[in-house]
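No lab work stands behind these numbers, since they all come straight from the coordinates. These numbers come from a predicted model, not from an experiment. Cβ placement follows ideal geometry from the backbone for every residue including glycine, while neighbour counts extend to all protein chains displayed.
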Amino acid sequence: MAQGTGRGESLSIWFFVGIMTLSYGIVLFPYGAWEWFGNHEPGTVLNNLHPTFWWGLLLLAFGGFYTFRYRPRPGDKDVA
Amino acid sequence: MQPLAAMLFFQNRQLTHLSPVDMIILLLYFAVVVFIGFYVKGSTNTSEEFFLAGREMTAWIAGLSFVSANLGSLELMGWAGSAYQYGILATHWYWIGAIPAMLFLGIVMMPFYYISKTHSVPGYLQLRFGEGARGLAAISFGFMTILMSGVNMYAMALVMKVILGWDINFSIWVGAATVALYVMLGGLRSAIINEVLQFILIWAGAALIPILGLIEAGGWTNLKAQIVANTHSIGYVHMWSTLGHFKDNPMGINWVGIVFGLGAIISFGYWTTDFLVVQRVLSAHNLRAAKMAPVLGAAFKMAVPLIVIVPGLLALGVLRDPHTHQLIHLVGENQVDAAHPYSYNEVLPLMLIRYCGPGLLGLGITALVAGFMSGMAGNVSAFSTVWTYDLYGAYMNKRASDKHYVLMGRWSTVIGMIISIGTAYLVMHAASIMDYVQALFSFFIAPLFGTVLLGMLWKRATNWGGFLGLLAGTTSSIGMWIYTNFGTAAHKADALAHIALSRDAQPMANDMFRALWSWIICVLVTVIVSYMTTPRTEAELNGLVYGATVIPDDGATTIWQKPIFWACIVAVVFVILNIIFW
C-alpha cells in the first residue's frame, strides 16, 4: 500500500525510507570492510570496534527489510 | 528554543573535511529529496492535497512528522550544547517540556481541531472567536515563520562553513533552492515525507555517538561519576533533586519555573497551538489516527535525549585532548580564545568527529543538513498554508477557485523562500536579529495557548474575550521582554528579579516566568471581557467547544486501538524515567 505518497502512487513513504537506508548500507558496509580488513582504520576513538562496518551492516539489513517489505507490487496503484 | 546568536561563536576555522565517500552519502540524500518532490507532484492538485497532504496520512507517518518537524539541527546542536552547559537538566525540555502537552493535544484537543475540519490554527480561531483573533494569529504566525526559516537557513550555512569550510552563499542558495523546489512541487505531502526520512537519518547519523560514548565511558554509572568528578557538582546529573532553589543547580531555575512555566505553559503553547507542528497531525486520515499521532510522537520524543543530551553529558565526562589527555573545557561563545578554542555549541560536531571516520561522518553531516532543510520546509509549508487560507483567501480574494489557491500556495512557497533568503542575509549582517526573531516567536505562543484552551473548553468565552485576551497576553509578553532586556545591568537584574520572583534567577528562568504571566493575563482578560459581552449560542459552538459538541466515535474496538490506552502507557514511562533520573 502506497502510504503517504498519495492516491494513485505506487511507492510508499516506507519504501523511500528503505531505499535510502539500503543505499547508505551499500556504501558504508563495503567501505567499513575495506577499512577493517585493509588496515585503513581512521584515527577515531574506538576504531578497533569497526563502527563503519557494523553500522553499514545494520543499515543494509534495515534498509533491505523495508525496501523488500514495501516494494511496489501490481495492484498497489490507486490505493491510498 | 535556544538563543540562536549562540551559533555565532563560529570563527574562520574548519573542524574537518568530507572524503569522497561522505560526498556520495550527501549527494544521495539530495537526489532522493528532489526525486520525492517530482514524484508526489502528481498527487498534489487540490488545495487539500497541497496544504493538508490530502488528509490521508496514517498515525505513524503523521506522528513521526509531528515530532520530526521540531527536531531541527538548531535544536540538536543547541540542546547538546545546553546539556554540556547545564547537565541533565536540559532533558526537561524533552520530557516535562513536551510529553504532557503532546498527550493533551492528542486526547483532549485533537478531536476539536479535527472535527471542525479547520485547515489551520488561525482557521480554528476564526470559527471560534471570529475574524479579529484569526487575523492577529495569522499575521503574527506568518511573519514569524518566514523569519524563522531565514534564521534556520543562515544557521545551516554557518555550521557548514565551520565544520566543512563551505562558502556561506553556496549553502544558503543550494539549501533554499532544494527546499523551495520540493515544497513547491509536493506541498505538505513532500515536506512530511522528507520529515519522516529526516527522522530516520538523524537516528542513523547520530545514534553512534551515545553508543560509542557510553562504551568509552564504561557505562552510565561510570559516566555520572566522571561528570561529578570533573564538575565538582551533582547538579549536572540530577533532574529534580537540585530544583529546590535557583542557586542549587547550574541553570539557575527552580521547580516552579520548570513545572508551571515550561511544563504547563510554554510546552502546551508550543505543542498544541503552533501550527507548524499541528499541521502535521491535521493531515491524519481519520480521527483515531489524529489522536494517535501525537501519542506516538510523544513516545519517540522521549527517546530523543539519547542522541541530544547524552552527547553533551559525554563531553563533560570523556572529551579529552587526544595528545595531552587533558579534559577539553568548552566555554561560552564570547569566551572562545586560543586556550579554549571550542564553545558549548560545538559539542555535537566534536563528538561526531571523535567517533566517526569517513562514511559515518558523511552520514552525520547528512543528518544535520536534513534537519536544517526539514526545518526550512516545515516553516515554509506552514507559512504558505496560513498565507493562502487565512490572509489571502480571507481578506484579499475570498471567491477564487481551488486551482487558484493551489497556485497561490506554490507561489507563496517560492516568495516565502526568497524572503527567507533576505532574512538570512540580514542576519548575516546583524547577528542580534536572530535572538530578536526567536524572542518575537515566544511572544505569541503562551497567550495563544490561553485563547485556544478557553475556546475549546469554555462555552462562555466570547469573540471579544478571545481577541482582547490574545492581544493583552501578547502585548504584556512584549512589555515584559522589553522591561528585562533593555537598560542598565542593575535595571535588568531588578527586572529579572521582579518577573521571576527571585534575585537568584538566571535568564532561562525569565523566559519561563514571562510565559506564565502572559498566559495568566490572557486568561484573566478573556474571562473578564467574556462576562461583559454576549456569548454565542450553543448551536453555533457545535464542533468547536467541549460541552457543546458530541465527539464522534473514533472507531477503536479493542483496547489496543484506543489512543487513551497508549497515552497512559507513555505517561507511565514518562513518570518512571523522571524517577530514575531524579
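Quick notes on this one:
- Relative contact order of segment B:308-384, taken over Cα pairs closer than 8 Å and 6 or more residues apart, is 20 percent.
- For B:SER343, nonlocal amide neighbours, meaning residues 5 or more places apart or on other chains whose placed amide H falls under 5 Å from its own, are B:VAL331.
- Karplus 3J(HN,Hα) series, Hz, for segment B:54-59 with 6.51 cos²θ - 1.76 cosθ + 1.60 (x for Gly, Pro): x, 6, 9, 7, 6, 4
- Value of relative contact order over chain B, rounded to a whole percent, pairs C-alpha under 8 Å and six or more apart: 28
- Shape descriptor for segment B:296-410: Rg over Rh equals 1.22 (Cα atoms; Rh from the Kirkwood inverse mean 1/r).
- Sequence-distant residues sharing a close amide H with B:ARG320 (under 5 Å, placed H): B:ILE328
- Cβ-based net charge around A:VAL27, under 14 Å, with every Lys or Arg adding one and every Asp or Glu removing one: -2
- Inter-chain Cβ neighbour average for residues A:21-31, partner chain, 10 Å: 5
- Per principal axis, descending, Cα span of segment B:78-163 in whole Å: 47, 29, 18
- If the Kirkwood radius is taken over C-alpha pairs of segment B:1-140, then at 37 °C and 0.692 mPa s the Stokes-Einstein diffusion coefficient equals 169 µm²/s.
- Taken along the Cα-to-beta-carbon direction at a fixed 7 Å, the label points for B:HIS325 and B:LYS492 span 4.2 nm.
- Shown is the FRET efficiency for B:ASP553 and B:LEU524, computed with R0 = 41 Å from the Cβ-Cβ distance and rounded to the nearest 0.05: 0.65.
- What the Kirkwood sum gives for segment A:15-57 is a hydrodynamic radius of 10.7 Å, with every pair of different alpha carbons counted.
- At 0.890 mPa s and 25 °C, Stokes diffusion of segment B:405-556 via Kirkwood alpha-carbon radius, µm² per second: 134
- Helix axis angle, B:507-532 relative to chain B longest principal axis, alpha carbon, degrees: 10
- Approximate shape of segment B:110-265 as ellipsoid semi-axes (Cα gyration tensor, √5λ), whole Å, largest first: 38, 28, 17
- Between segment B:495-525 and segment B:174-236, the alpha-carbon center distance in angstrom: 31
- Cβ charges +1 (Lys, Arg) and -1 (Asp, Glu), total dipole of the protein assembly as shown, debye: 1100
- Candidates B:TYR483, B:ALA515, B:ALA548 compared by Cα position along the dipole of segment B:480-582: farthest toward the positive end lies B:TYR483, with charges placed on Cβ.
- Computed from the Cα positions only, the extents of segment B:257-353 along the three principal axes stand at 59, 26, 21 Å, in decreasing order.
- The string of couplings for segment B:83-95 from the Karplus curve (6.51, -1.76, 1.60, θ = phi - 60°) is 5, 5, 6, 10, x, 5, 4, 4, 4, 4, 6, 9, 9 Hz, one whole number per residue in order, with x for Gly and Pro.
- Legend: translational diffusion of chain B by Stokes-Einstein, Rh = Kirkwood radius over C-alpha pairs, 4 °C, 1.567 mPa s; D = 54 µm²/s.
- √(5λ) per eigenvalue of the Cα gyration tensor, segment B:515-570, largest first, Å: 33, 21, 5
- Efficiency of FRET between A:TRP54 and B:ALA177 - r from beta-carbon atoms, R0 56 angstrom, step 0.05: 0.95
- Within 10 Å of the Cβ of each residue in A:35-46, the mean number of Cβ atoms contributed by other protein chains is 4.
- Per residue, the Cα convex hull of the protein assembly as shown amounts to 152 Å³.
- Calculation over all alpha carbon pairs of segment B:140-200 in 5 angstrom steps from 0 returns a P(r) of 4, 17, 18, 25, 23, 11, 3, 0 percent.
- Kirkwood Rh in Å, taken over all unlike Cα pairs in segment B:178-257: 16.4
- Taken about its Cα centre, chain B carries a charge dipole of about 780 debye when Lys and Arg each add +1 at the Cβ and Asp and Glu each add -1 at the Cβ.
- Multiplying the residue separation of B:THR537 and B:VAL573 by 0.36 nm and removing their Cα-Cα distance gives an extension gain of 8.8 nm.
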